[in-house]
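Sharing a structure with you now.
The values are calculated or read from the model by the stated rules, or taken from the named source; none is laboratory data. Because the structure is predicted, anything quoted here is derived from the model rather than measured. Cβ coordinates were reconstructed from backbone atoms using ideal geometry, including for glycine residues, and neighbour counts include every protein chain displayed.
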Amino acid sequence: QKSQDTNRDICSAWYAYEVLGTWRALTPRDPAAPDAIRGVGDSLAVWIGLSAGAWHTAWRADSTVAVYRVRLFAADGRLLLTREVADTSLDISATSLSPTDRHTSAYLEVEGFDRMQRPVTRSPLLRLFAPGDPP
C-alpha cells in the first residue's frame, strides 16, 4: 500500500512538472517584462565622474522605477555604502567612507525597483577610481 502511494505521489509530481513546463514554453511572454527566472539584466547605463573628492553618478530615468538603490562595494565584496534615491543622480563624497576604504578599489552598482519593490533594472558593477588614481 505504501509503495503504491509513493508511486502515485511521484507520478502526480511528474505530471505537474510536465504541465507547468509545457505551459511555460507555450505561453507568449512580454519581451519587455523582466524574466522572473533569470532576473533583470545589466541594462542600466551609469555615468561616473570624479571631482573635489566626490564621485558624481547619473543615469537615465526609467518610467517603471520608483526608487533606485545605489551600493558601493569593496573589491573583497564588503558593502561600503548603500543609498536609496528617487532621483537619477547621486553624489558620493569620499569622506562618507572610512579612511582605509577611501584608498581601496571600489565598485558601484545601481538597481531600480518598481513600487512593489521588484527589481526592474540594474547596472553592471562599475569600478570607481579613488582620487588620484588613473581612470
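Quick check on region 94-116: of everything there that is part of a loop (DSSP other than H, G, I, E, B) and modelled with pLDDT under 85, which residue is surrounded by the most Cβ atoms within 10 Å (Cβ to Cβ)?
L97
What are the pairs, 6+ residues apart or on separate chains, where a residue within region 118-132 that is within 22 Å of H103 (Cα to Cα) and surrounded by fewer than 16 Cβ atoms within 10 Å (Cβ to Cβ) has its Cβ under 7 Å from a residue that is charged (D, E, K, R) and at pLDDT 90 or above?
Close Cβ pairs (under 7 Å, with a partner that is charged (D, E, K, R) and at pLDDT 90 or above) amount to L125/E109.
List pairs: first residue in region 46-68 and farther than 30 Å from H103 by Cβ, second residue not in a strand (DSSP E or B) and not β-branched (V, I, T) anywhere in the structure, Cβ distance under 6 angstrom, at least six positions apart or on different chains.
T64/D114; A66/D114; A66/R115; V67/A86
Looking only at region 73-125, count how many residues are within 13 Å of the chain's Cα centre (by Cα), farther than 19 Å from G49 by Cα and of a type in the set (A, V, I, L, M).
1
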